[in-house]
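Read-outs: derived from the displayed coordinates by stated rules, not from any lab. Quick caveat, the model's predicted, so the values are computed rather than measured. Every residue, glycine as well, gets a Cβ built from its backbone with ideal geometry; the counts of neighbours run over all protein chains shown.
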Ligand code: SPD
């Protein structure tokens, strides 16, 4: 049978991958970081025993986190990414030639170093001169920095356990909103509406207190428990379905999942989600 790696989703459910080889295992100042090579999902990054991303399905997560916001914001000259140490989100940002600067704030340098070494196919933009990578605490950055403003902010954190928990509360979201330019868009991963319905709903309520426009959207990510994942599009103004055609056209050809039709479709919510959100 060989060796299996299981992520425990809750008291009665595990998700298991058959392992070919463990490539890295180490403890940083913040969390336990592993990379395994698997039979079905290729190389997989794991933090604190939770699957973070895989070579097999990372595009489903990173394109959906980044492209809906990037294709709707008024400008995308300056983009902030918080988290995203595997490099998949900044790769998506830097596919746009309109982006002049992408600041990435990652608390844990080990995640970036390990991803550069073992997941080079995910983080393909590390040497882009427009990338400004800073190893600092994302929460401190958004709550204490006064002068930096962004057109798009993308939150690519872990689940709200360990250091990732600091990226899920009112103070953090308010700090992000303060840094958004007029017409700007913030998009974040907002967990599974099946496995973590309470957290998903709570997150929507927190965001609605701050932004007039809060629109969750859904897509498949097989690596994450239940396979159904959510992201949320937030803005002061604007409309998530009104994509900027030229900007979309420039990136759709080379995208694996994102295109004009997918952009429209992902914002359609099934009844169980609408009812949970009282929409
Ligand atoms: N349950 C896992 C959630 C992970 C979300 N972030 C993944 C980071 C990929 N860049």
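Rounded to the nearest Å, what's the spacing between the alpha carbon centres of segment 220-279 and segment 188-219? Just the number, please.
If we compute the Cα centre of each part, the gap is 13 Å.
Where does each of 272, 224, 141 land when they are ranked from fewest to most other beta-carbon atoms within 10 angstrom? Walk me through the numbers before you get to the answer.
Working: 272 11, 224 26, 141 19.
Least crowded to most crowded, the residues run 272, 141, 224.
Which value at 222 nm does the chain reach when only helices count, each DSSP H run of 4 or more adding -39,500 (n - 2.57), with the total divided by all residues and rounded to the nearest 500 deg cm²/dmol? List each step's numbers first, then the result.
Details: 9 runs with 80 residues, N = 279.
Calculated at 222 nm, the ellipticity per residue is -8000 deg cm²/dmol.
Name all residues of segment 147-186 having a backbone nitrogen under 20 Å from the label point set 7 Å from the Cα of residue 8 along its Cα→Cβ direction, giving them as ranges.
159-165
By the gyration tensor of its Cα atoms, with a ≥ b ≥ c the square roots of the eigenvalues, what is the shape of segment 191-279: rounded for a/c under 1.5, prolate for a/b over b/c, or oblate? Let's see the in-between values first.
Details: a/c = 2.29, a/b = 1.31, b/c = 1.76.
Because a/c hits 1.5 or more and a/b fails to exceed b/c, segment 191-279 counts as oblate.
Hey, what did the chain get for relative contact order, percent, Cα under 8 Å, at least 6 apart?
Numbers: 563 pairs, mean separation 46.8, N = 279.
Contact order relative to length: 17 percent.
How would 33, 185 line up from fewest to most surrounding beta-carbon atoms within 10 angstrom? Let's see the in-between values first.
Numbers: 33 22, 185 29.
With the sparsest Cβ surroundings first, the list reads 33, 185.
For residue 49 and residue 279, calculate 0.36 nm times their separation in residues minus their Cα-Cα distance, and state this gained length in nm to one decimal.
On the way: separation 230, 0.36 × 230 = 82.80 nm, distance 3.50 nm.
Result: 79.3 nm gained on full extension.
Taking the beta-carbon count within 10 Å as an exposure proxy, list 131, 155 from fewest neighbours to most. Could the numbers behind the result be given before it?
Numbers: 131 20, 155 26.
Fewest-to-most Cβ neighbours within 10 Å comes out as 131, 155.
Can you tell me how segment 58-276 classifies by the Cα gyration tensor, rounded, prolate or oblate, using a/c under 1.5 as the rounded cut? Mind showing how you got there, number by number?
On the way: a/c = 1.19, a/b = 1.12, b/c = 1.07.
Rounded, because the longest to shortest axis ratio a/c is under 1.5.
Over segment 4-54, what number does the Rg to Rh ratio reach, with both radii from the alpha-carbon atoms and Rh per Kirkwood? Before the final figure, lay out the partial values.
Details: Rg = 10.8 Å, Rh = 11.2 Å.
Radius of gyration over Kirkwood radius for segment 4-54 works out to 0.97.
Can you grab the distance from the C-alpha centre of segment 109-166 to the C-alpha centre of segment 1-69, Å, no decimals?
18 Å
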